[in-house]
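Please read the structure below before turning to the comments.
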Amino acid sequence: YLCSLNSVSMTISSFIAQSLNLSIKSVESTLRLLDEGGTVPFISRYRKEQTGNLDEVQIAQIQKLSAQFKELEKRKQTIIDAITEQGALTEALQQKIDGCYDANELEDLYLPYKVKRKTKATIAKERGLEPLAKMIMAQNDGNPVQWASRFINKEVPDSDQALEGAQDILAEWISEHAGLRNRLRQLFVRNAVLKVKKGKTPDTEGKYQDYTDWSEPLHRCPSHRFLAIYRASGEGILSMHATPDDEEALGMVERQFVKGRNMASGLVEEAGKQSYKKLIKPSLENERIGMAKEKADKQAIEVFKDNLRQLLMSPPVGQLRTMGIDPGYRTGCKVVCIDEKGDLLANTTIFPHPPQSDFALSSKRITSLAEQYKIEAIAIGNGTASRETELFIKKLTFHKPLQVFMVSEDGASVYSASKVGREEFPDYDVTVRGAVSIARRLTDPLSELVKIDPKSLGVGQYQHEVDQKELKEGLDFTVVSVVNQIGVNLNSSSPYLLQYVAGLNASSAKKICDYRTETGMFTSRDSIKKVPGIGPKTYEQAAGFLMVPQSANPLDHSRVHPERYKLIEKMAKSMGLTTHELIGNTDAIAQIEIDRFIDENTGKETLNDIVKELRKKGLDPRQNVKMFEFDPSIRKFEDVKVGMILPGMVTNVTNFGAFVDLGIKENGLLHLSQMAERFIENPGEIVKLHQTMQVRIHGIDAERRRIQLSIIGL
């Protein structure tokens, strides 16, 4: 976000306000709330009047920019101190540094004063050639060779070497000119062309064959293509460069430094060429590629965040007794039964598929387990042997009809081998834990998925290439956002879910669960105050996101914050009702005159939120589970033919399209260009993760086992 702004010293509030195009008042209020220990979910939902109704993304941006601004101010002070020690700080330079809000431009200002390793220029200065460089830079008429003869000494045996050394100094001076570097930087931003060639490492898999001898303006290169090329470059399969036209760049250097057409000017011009090619160009090229990488990272992380949000918002089937099956061939299918709370009741392994093909015994075990543990739903992992297992289960006759669901098993193996998995099931091996994870993903996806590193959930794009710190921050933010949007049950949520509630962390979440185990269920939101370590600030931040269905106060199972309970009592009283009678009474709620309850602490935004909650107390924002079946006639790649229209489920969304599961090992690609007849910039406009849809087989690459899909005209 740090960007080039007006060259005047600004406060942190004015800097952020200008960067994000927000009012200073909103920024100042938000910064104050953050400094007071406010969390992003709490501030965005319960402090709308103070922030001017900023959403959680804007508040998070303010928080991030605040940290970056403070880091930049520290860097400025470090630079000022270093230049002051050299006795080189002038008032003009101080003003330039104070008014600089671009990290790269700030380093340009510091560059002439930075302590350098030994270079050709520093060696030339040690040999006394700096005065000669100054004479040449002045570009007065005269003969530079004669000027150089005055500087011949033991280390500089002749005029040619004196001139060469002086030009090294000139080249360094030119490369350190902040104004020139900034203008050239803008040229790189506008006009750099990405050129890709074959590298030294063979592309044995042919993954990058489309990018060999590739060329395009860098600013037009989409993030997925840039990250693919960047990855291949790191592997040595491709080489990449990104520079503008050399002649245009050299023209800018010449206009800055060459003053005339005499012999000295010719030397300055030559020094400028060397400076650009050897010093400036490599530096700005790396910087420009870094900028492109940062932009591509940001876009890829946004795609990952969107997919993760949709995955975490997957609808739960609810508290049902569930059978989870992790399919397999040779090693068998791992089967578990869990109760309504997700606790493990039983586990076994069946072998209904080749090579054992023990259909009879497998059938008997499944049906007897289903009856013994009163199973209500079956979750089958969507990996190896999933379609065969689904067909096997659907052929069985149960004591009552059971719903059968295919569940994504991405990350289940990561959970099963994780510390969390070992803590939950210390007496069982990884295969049992994985099957339990599959079953729980059906009953309550959010509670289970928060236990797994989001990078392992299979919904990202080039996640190993992007900045890992930025990726973690973005994904953590998404998890926190979703958890607090949905809210959690204080009496049934695990510590792994509770730790994402605003104001809580791993330590306080464990204390809540330990207290619940020792004393029994919480009977109200207020009762959480009895938990050791839960102080007034923690309670303020967390209370509105903690649901207590067992509470005598129905508002404790809503998203209304306890600080507003008295306001609701006042609303109810104005209608001649109790709070209990008002909740869900749509006719009475419609008659509430909201404006009557506006005061200095409560505005229309908050009141509208309260009224919405009164209408639909504690309503889960997640949609209901929908049944879905693949085409039973399509079981392998060879069954797919061009022109077929098949049911599919979106498994991943990227910048260039979406991958769709057709019920076979290979997912099909629904490219951006095949989503609509109109121009589509973002696939998210058309498709969502886990969306079910009809797709047409548009093309088949049998050699690479790739399937192209289309939904145009369907």
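Annotations for the structure displayed:
- Scanning region 129-171 for residues that are open to solvent by 20 Å² or more (accessible area, probe 1.4 Å) and on the phi > 0 side of the Ramachandran plot turns up just one, Gly142.
- Residue in region 176-184 that is open to solvent by less than 70 Å² (accessible area, probe 1.4 Å), in contact with a Pro (Cβ under 7 Å, 6 or more places away or on another chain), modelled with pLDDT of 95 or more and of a type in the set (Asp, Glu) present: yes
- Scanning region 186-203 for residues being open to solvent by 10 Å² or more (accessible area, probe 1.4 Å) and in contact with a Leu (Cβ under 6 Å, 6 or more places away or on another chain) gives a total of 1.
- For Lys96, the conditions (1) surrounded by fewer than 18 Cβ atoms within 10 Å (Cβ to Cβ); (2) free of Cβ contacts under 8 Å to residues at least 60 places away in the same chain are fulfilled apart from (2).
- Residue that is touching a helix residue (DSSP H, G or I) at 6+ places or on another chain (Cβ under 6 Å) and either in a loop (DSSP other than H, G, I, E, B) or not hydroxyl-bearing (Ser, Thr, Tyr) (or both), where the choices are Val432, Val466, Val436: Val466
- Verdict on Lys305 being closer than 30 Å to Gln623 by Cβ, modelled with pLDDT of 95 or more and of a type outside the set (Gly, Ala, Ser): no
- Residue in region 683-714 that is farthest from the chain's Cα centre (by Cα), counting only those that are surrounded by 14 or more Cβ atoms within 10 Å (Cβ to Cβ) and in a loop (DSSP other than H, G, I, E, B): Ile711
- When we screen Ser558, Ser551 for residues that are open to solvent by less than 60 Å² (accessible area, probe 1.4 Å) and either of a type in the set (Phe, Trp, Tyr) or in contact with a helix residue (DSSP H, G or I) (Cβ under 6 Å, 6 or more places away or on another chain) (or both), the only hit is Ser558.
- Among the helices (runs of 4 or more DSSP H) confined to region 563-604, the ones with at least 3 residues that are without any contact (Cβ under 8 Å) to a residue 24 or more places away in the chain are located at 565-574, 586-590.
- Residues that are at positive phi and modelled with pLDDT of 95 or more do occur in region 110-128, at least one of them.
- Just one of the numbered conditions (1) part of a loop (DSSP other than H, G, I, E, B); (2) more than 22 Å from Gln186 (Cβ to Cβ) is not true of Tyr101: (2).
- Residues of region 140-188 that are part of a helix (DSSP H, G or I) and more than 19 Å from Leu279 (Cβ to Cβ): Pro144, Val145, Gln146, Trp147, Ala148, Ser149, Ser159, Asp160, Gln161, Ala162.
- Which listed residue, of Lys530, Lys537, is of a type outside the set (Ser, Thr, Tyr), more than 34 Å from the chain's Cα centre (by Cα) and modelled with pLDDT of 95 or more: Lys530
- Scan of region 202-252 for residues that are aliphatic (A, V, I, L, M) and within 21 Å of Ala296 (Cα to Cα), ordered by number: Leu218, Leu227, Ala228, Ile229, Ala232, Ile237, Leu238, Met240, Ala242
Yes/no matrix, rows are residues, columns are (1) closer than 20 Å to His671 by Cα; (2) of a type in the set (Lys, Arg):
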| site | (1), (2) |
| --- | --- |
| Arg190 | no, yes |
| Val193 | no, no |
| Lys197 | no, yes |
| Lys200 | no, yes |
| Thr204 | no, no |
| Asp213 | no, no |
| Glu216 | no, no |
| Cys221 | yes, no |
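- Qualifying positions in region 631-648 - touching a residue at least 60 places away in the same chain (Cβ under 8 Å) and either aliphatic (A, V, I, L, M) or surrounded by 13 or more Cβ atoms within 10 Å (Cβ to Cβ) (or both): Arg635, Phe637, Val640, Ile645, Gly648
- In region 366-395, the residues that are at positive phi reach residues that are in a loop (DSSP other than H, G, I, E, B) and open to solvent by 70 Å² or more (accessible area, probe 1.4 Å) with C-beta atoms within less than 8 angstrom, at least six apart or across chains, in these pairs: Ala385/Tyr329.
- Condition check for Ser413: modelled with pLDDT under 95, open to solvent by 50 Å² or more (accessible area, probe 1.4 Å) and either of a type in the set (Gly, Ala, Ser) or closer than 30 Å to Val335 by Cβ (or both): yes
- Asp245 being touching a helix residue (DSSP H, G or I) at 6+ places or on another chain (Cβ under 8 Å), buried (at least 16 other Cβ atoms within 10 Å of the Cβ) and acidic (Asp, Glu): no
Results for (1) among the charged types (D, E, K, R); (2) under 16 Å from Leu442 (Cβ atoms); (3) within 14 Å of the chain's Cα centre (by Cα); (4) assigned to a helix (DSSP H, G or I), shown as yes or no for each residue.
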{"site": "Ile301", "(1), (2), (3), (4)": "no, no, yes, yes"}
{"site": "Val317", "(1), (2), (3), (4)": "no, yes, no, no"}
{"site": "Arg330", "(1), (2), (3), (4)": "yes, no, no, no"}
{"site": "Val335", "(1), (2), (3), (4)": "no, yes, no, no"}
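A quick yes/no check of all residues on (1) surrounded by fewer than 17 Cβ atoms within 10 Å (Cβ to Cβ); (2) in contact with a Gly (Cβ under 9 Å, 6 or more places away or on another chain):
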residue: Glu605; (1), (2): yes, no
residue: Asp609; (1), (2): no, no
residue: Arg615; (1), (2): yes, yes
residue: Val660; (1), (2): no, yes
residue: Leu669; (1), (2): no, yes
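- Hits in region 259-269 - residues which are open to solvent by 30 Å² or more (accessible area, probe 1.4 Å) and outside any helix (DSSP H, G or I): Lys259, Arg261, Asn262
- Test: residue in region 66-89 that is within 25 Å of Gly603 (Cβ to Cβ), at pLDDT 95 or above and either open to solvent by less than 30 Å² (accessible area, probe 1.4 Å) or in a helix (DSSP H, G or I) (or both): yes
The values are calculated or read from the model by the stated rules, or taken from the named source; none is laboratory data. All figures in this text were calculated on a predicted structure; none of them were measured in a lab. In this analysis, Cβ positions are derived from the backbone assuming ideal geometry, glycine residues included, and neighbour counts consider all displayed protein chains. In case anyone asks, the SASA skips ligands and DNA or RNA and just uses the protein heavy atoms, side chains included. Shrake-Rupley method; radii C 1.70, N 1.55, O 1.52, S 1.80 Å.
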